[in-house]
Amino acid sequence: HSRINRRMLIPTVVNLMLLVTTVLGTVVGTGFQPMSTEAEEGPEEDKKVSECFGKLRIACTLNTEFSLEMDRLTRTLRVDRLRELIEKKVEAICTEDETDVTVPLLREELSQSARMVKEIVHNLSDFDRDRLNMWANLNDTLSERNFFMEKIKNLAPNDMERLTECMNSLMARVVNGDPPQYINEILAHITPEEKQVLSNRHTSQTSFDSIVNVLLEKTREHEEDLRQFLSGTWRTSFEMSVLSE
């Protein structure tokens with residue numbers, strides 16, 4: 001089951017990694033080299049972080065809306081918004097213990113780069129803000145990407161390196177994340193028809209809960225964690241607002 005599930009997830013994860021490689025390679029003019037993430041935390045904390053990022057990787061594959069927003073923010077190098085999006089999703093799908101070690105790690109690793117991008121946004125003219133809002137409304141990711149790439153090219157070399165390492169580390173954690181086995185097992189029980197109903201935002205809460213209850217009867221373990229993961233993956237909306245301070 002685990003092998004089947006991982007094969008299903010590979011295209012989305014690889015696309016994210018290749019996307020960061022292409023975007024940052026274009027900005028800095030050099031190749032972007034994926035790196036491993038050797039955690040500084042202890043083995044137990046490292047395991048929780050890996051499981052949480054594994055859940056994030058699966059949620060990115062299952063929830064098209066979330067995946068597209070991850071894709072857009074990665075393409076435009078909006079580290080500040082990307083951190084907010086991931087934090088909210090982590091809080092929705094990961095256990096309290098996993099969240100308690102993952103969220104502080106995200107803030108520690110992404111805070112400097114997020115501040116740099118926020119500073120760029122803070123200094124934008126009203127004209128530039130209007131253009132960004134227009135592109136966001138039109139879902140014109142290419143124009144957003146080109147705009148921020150031009151801005152980022154003006155960063156100091158050290159800041160550029162920090163941004164590169166930040167995105168590198170984040171994507172490596174997503175790619176290398178290893179969800180708990182019970183997550184893989186529950187996914188193996190979901191039929192295409194059930195997935196379609198679960199992913200439909202117009203599905204009633206009663207219908208959603210009914211499918212989840214049927215799925216949980218097939219496992220009878222980790223019921224609370226599984227219910228949280230399934231609900232957080234599909235039922236929690238993380239639509240990002242139009243660019244604002």
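The set of residues in region 194-222 that are in contact (Cβ under 8 Å) with a residue 24 or more places away in the chain, closer than 17 Å to Ala92 by Cβ and surrounded by 17 or more Cβ atoms within 10 Å (Cβ to Cβ) comprises Leu198, Phe208, His222.
Does any residue of region 92-114 turn out to be out of contact with any strand residue (DSSP E or B) (no Cβ under 7 Å at 6 or more places or on another chain), more than 26 Å from Ile183 (Cβ to Cβ) and either buried (at least 20 other Cβ atoms within 10 Å of the Cβ) or touching a residue at least 60 places away in the same chain (Cβ under 8 Å) (or both)?
Scanning region 92-114 turns up at least one residue that is out of contact with any strand residue (DSSP E or B) (no Cβ under 7 Å at 6 or more places or on another chain), more than 26 Å from Ile183 (Cβ to Cβ) and either buried (at least 20 other Cβ atoms within 10 Å of the Cβ) or touching a residue at least 60 places away in the same chain (Cβ under 8 Å) (or both).
Listed here are the residues, each with its yes/no results for (1) over 25 Å from Asn146 (Cα atoms); (2) out of contact with any helix residue (DSSP H, G or I) (no Cβ under 8 Å at 6 or more places or on another chain); (3) at pLDDT below 90.
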residue	(1), (2), (3)
Thr76	no, no, yes
Asp80	no, no, no
Arg83	no, no, no
Lys88	yes, yes, no
Glu91	yes, no, no
Asp97	yes, no, no
Thr102	yes, no, no
Leu106	yes, no, no
Met116	no, no, no
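Taken over region 45-70, the residue count meeting the criterion of being in contact (Cβ under 8 Å) with a residue 60 or more places away in the chain and either in a helix (DSSP H, G or I) or surrounded by fewer than 17 Cβ atoms within 10 Å (Cβ to Cβ) (or both) is 17. Regarding Asp225, is this residue surrounded by 15 or more Cβ atoms within 10 Å (Cβ to Cβ) and within 17 Å of the chain's Cα centre (by Cα)? Answer is no for this residue. Within region 121-151, if we keep just the residues that are assigned to a helix (DSSP H, G or I) and small (Gly, Ala, Ser), the residue that is nearest to the chain's Cα centre (by Cα) turns out to be Ala136.
Condition check ((1) aliphatic (A, V, I, L, M); (2) surrounded by 17 or more Cβ atoms within 10 Å (Cβ to Cβ)) across all residues:
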| site | (1), (2) |
| --- | --- |
| Lys118 | no, no |
| Asn123 | no, no |
| Trp135 | no, yes |
| Glu150 | no, no |
| Asp159 | no, no |
| Val174 | yes, yes |
| Gly177 | no, yes |
| Leu187 | yes, yes |
| Pro192 | no, no |
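The values are calculated or read from the model by the stated rules, or taken from the named source; none is laboratory data. Keep in mind it's a predicted model, so treat the numbers as computed, not measured. Here Cβ is always computed from backbone atoms with ideal geometry, including for glycine, and neighbour counts include all displayed protein chains.
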